[in-house]
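Scroll down for the structure; my scribbles are underneath it.
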2 protein chains.
Amino acid sequence: MKLKFWREVAIDIISDFETTIMPFFGNPDGGKLVKISPSGDETKLVDKLAEDLILSRITELGVNVVSEEVGVIDNESEYTVIVDPLDGSYNFIAGIPFFALSLAVFKKDKPIYAIIYEPMTERFFEGIPGEGAFLNGKRIKVRKTPDEKPSISFYSRGKGHEIVKHVKRTRTLGAIALELAYLAMGALDGVVDVRKYVRPTDIAAGTIIAKEAGALIKDSAGKDIDISFNATDRLDVIAVNSEELLKTILSLLE
Amino acid sequence: MKLKFWREVAIDIISDFETTIMPFFGNPDGGKLVKISPSGDETKLVDKLAEDLILSRITELGVNVVSEEVGVIDNESEYTVIVDPLDGSYNFIAGIPFFALSLAVFKKDKPIYAIIYEPMTERFFEGIPGEGAFLNGKRIKVRKTPDEKPSISFYSRGKGHEIVKHVKRTRTLGAIALELAYLAMGALDGVVDVRKYVRPTDIAAGTIIAKEAGALIKDSAGKDIDISFNATDRLDVIAVNSEELLKTILSLLE
């Protein structure tokens, strides 16, 4: 299955998303509880609709699927697709214009392609391991940390709260895949989530894209992150655009 | 000067904003430093352009103006317009789709009209003291705090960081006027900024709109907030949709 093939699958899914899911933006009905997901989170109506839409496109390919609401579908394929059908569903339901569709493709355990799509701005982020990161087809890179102190996305339940004193500004935008894509495009200098909360489905595509754009990505112990094929692991993620920022954050987390 | 008059002024400003400022969205050139504002902050090119555009519409009315970059223009009028030409300029320059235009009108010291405009969603929020809060002409109200714990916008430099453990989720979206409008439309349950940082220009319109939608608004000592006609005061703001949430936050700040 070539890259071109996966790009076409992604584009088909995006157009389905625009027609079927976007009409629910800001509509509280989208927030109706339909079930509890494998990781114990609430699955809202709009999460389910988005996942069903993607599964209908992917399952026919006979590949393995890891998705937030359904968990793991093992078709004994050499390809595995890790999906977050709606990254930022609270925002989407509440009408906060910050959410995305996130999808990563692996061949055996190697990532081969990743996309993040932001409907509000029609930004199509791609990560192609060994080739780079792209936004609407144009290459993107993390930025050099500006002279003023860095701007980071920061998620914490209290751990490492000192970090806010070492950065210029923090954002908690509510869609971590998209925030990782913003790191890749140079809108942020780091994405730090130390809640032991995000799942592989939340960060698979974002970490592939950010890494291809030059980001350094570790867990809160400074180790490489291993994206496992499940929807239940709870991870920390520290993704930054400089060694110096990585050192600062890791030292504040000790 | 009737309400209809001020609505027309606001709508003219919005259309200027769409044509002159929106093309700069996500364009780093908009971030060029042009001067230091009265409150000591950096005025970026896009801030200046947005302010010039608004001043060109308002100054001809002979009213007093309080605006972030220029400070106070006293024309000895009984009307004062408090403006934040671009609430969330970091987001705007970086391409993060969360920013707004914010304008509040006072007759002597009484607020008579307030608007917040969100270009990305074309949402036009209005607050008319004594009449209510409106979104694109439809009345809006704060929501009843959902059964799950509340979702709040939270800005802190370390103070009150325990608050994150008492809410379901926090957001730091980077445009406090717009976050106050989101409280008014029921997308958030509170907006808490305890950095002693926001200025009257940042929160004038948002507090008028949120209050008209039923929000409770205090400073971090639990006192009413007095919006003074200057662009330099540094304030705390706690705006919430329930007495219970207000008590919880104030107690955690003690």
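The values are calculated or read from the model by the stated rules, or taken from the named source; none is laboratory data. Owing to the predicted nature of the structure, the values given are computational and were not obtained by experimental measurement. All Cβ positions, glycine included, derive from the backbone under ideal geometry; neighbour counts span all protein chains shown. Please note that ligands, DNA and RNA were not included when accessible areas were found on the heavy atoms of the full protein model with its side chains. Shrake-Rupley method; radii C 1.70, N 1.55, O 1.52, S 1.80 Å.
With the structure loaded, tell me whether A:Ser89 is of a type in the set (S, T, N, Q), open to solvent by less than 40 Å² (accessible area, probe 1.4 Å) and not assigned by TED's automatic domain parsing to the domain that holds A:Leu173 or whether it fails that test.
yes
Out of (1) at pLDDT 95 or above; (2) in contact with a Pro (Cβ under 9 Å, 6 or more places away or on another chain), the odd one out for A:His166 is which?
That leaves (1) as the condition not met.
When A:Glu131 is evaluated against the numbered criteria (1) closer than 30 Å to A:Pro38 by Cα; (2) in contact (Cβ under 8 Å) with a residue 40 or more places away in the chain, which criterion, by number, is the only one it fails?
So the condition that A:Glu131 fails would be (1).
Would you check if A:Glu76 is acidic (Asp, Glu), open to solvent by 50 Å² or more (accessible area, probe 1.4 Å) and under 25 Å from A:Met120 (Cβ atoms)?
Taking the combined requirement at face value, the residue does not satisfy it.
Under 7 Å between Cβ atoms, at least 6 apart or on separate chains: pull out the pairs that start in segment A:155-169 with a residue that is assigned by TED's automatic domain parsing to the domain that holds A:Asp189 and end on any residue that is aromatic (Phe, Trp, Tyr) and open to solvent by less than 50 Å² (accessible area, probe 1.4 Å).
Within 7 Å, the pairs are A:Ile163/A:Phe154; A:Val164/A:Phe154; A:Arg169/B:Tyr90.
Okay, residues lined up against (1) open to solvent by 30 Å² or more (accessible area, probe 1.4 Å); (2) assigned by TED's automatic domain parsing to the domain that holds B:Glu179; (3) under 17 Å from the mean Cα position of the chain (by Cα); (4) not basic (Lys, Arg):
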{"residue": "B:Val9", "(1), (2), (3), (4)": "no, no, no, yes"}
{"residue": "B:Ile21", "(1), (2), (3), (4)": "no, no, no, yes"}
{"residue": "B:Gly31", "(1), (2), (3), (4)": "no, no, no, yes"}
{"residue": "B:Val34", "(1), (2), (3), (4)": "yes, no, no, yes"}
{"residue": "B:Val46", "(1), (2), (3), (4)": "no, no, no, yes"}
{"residue": "B:Leu55", "(1), (2), (3), (4)": "no, no, no, yes"}
{"residue": "B:Ile58", "(1), (2), (3), (4)": "no, no, no, yes"}
{"residue": "B:Val81", "(1), (2), (3), (4)": "no, no, yes, yes"}
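Across segment A:43-62, which residue is farthest from the other protein chains (Cβ to nearest Cβ) among those that are of a type in the set (A, V, I, L, M, F, W, C) and free of Cβ contacts under 8 Å to residues at least 40 places away in the same chain?
A:Leu55
Between a residue in segment A:99-116 that is free of Cβ contacts under 8 Å to residues at least 12 places away in the same chain and any residue that is buried (at least 24 other Cβ atoms within 10 Å of the Cβ) and of a type in the set (Val, Ile, Thr), which pairs come within a Cβ distance under 9 Å, given they are 6 or more apart or on different chains?
Every condition considered, no pair remains.
If I filter segment B:172-184 for residues that are assigned to a strand (DSSP E or B) and within 14 Å of chain A (Cβ to nearest Cβ), do I get at least one hit?
Within segment B:172-184, one or more residues are assigned to a strand (DSSP E or B) and within 14 Å of chain A (Cβ to nearest Cβ).
Quick check on my filter: what residues within segment B:186-204 are within 11 Å of another protein chain (Cβ to nearest Cβ) and either in a helix (DSSP H, G or I) or open to solvent by less than 10 Å² (accessible area, probe 1.4 Å) (or both)?
Across segment B:186-204, the qualifying residues are B:Ala187, B:Leu188, B:Asp189.
For a quick check of your reading: which strands (runs of 3 or more DSSP E) sit entirely within segment A:89-168 and have at least 2 residues that are among the polar types (S, T, N, Q), within 24 Å of B:Phe98 (Cα to Cα) and within 14 Å of chain B (Cβ to nearest Cβ)?
Because the criterion is at least 2 residues that are among the polar types (S, T, N, Q), within 24 Å of B:Phe98 (Cα to Cα) and within 14 Å of chain B (Cβ to nearest Cβ), the strands (runs of 3 or more DSSP E) in segment A:89-168 that meet it are A:151-155.
I need the full set of residues from segment B:162-188 which are touching a strand residue (DSSP E or B) at 6+ places or on another chain (Cβ under 9 Å) and not hydrophobic (A, V, I, L, M, F, W, C), in order please.
B:Lys168, B:Arg169, B:Thr170, B:Arg171, B:Thr172, B:Gly174, B:Glu179, B:Tyr182, B:Gly186
Please enumerate the residues belonging to segment B:188-217 that are under 19 Å from B:Arg143 (Cβ atoms) and free of Cβ contacts under 8 Å to residues at least 40 places away in the same chain.
B:Leu188, B:Thr207, B:Leu216, B:Ile217, listed by residue number.
If a residue must be open to solvent by 30 Å² or more (accessible area, probe 1.4 Å) and within 21 Å of B:Ser153 (Cβ to Cβ), how many such residues does segment A:132-161 contain?
Summing the residues that are open to solvent by 30 Å² or more (accessible area, probe 1.4 Å) and within 21 Å of B:Ser153 (Cβ to Cβ) in segment A:132-161 gives 3.
Looking at (1) open to solvent by less than 10 Å² (accessible area, probe 1.4 Å); (2) farther than 24 Å from A:Phe154 by Cα, find the lone condition where B:Leu183 falls short.
Here B:Leu183 clears every test but (2).
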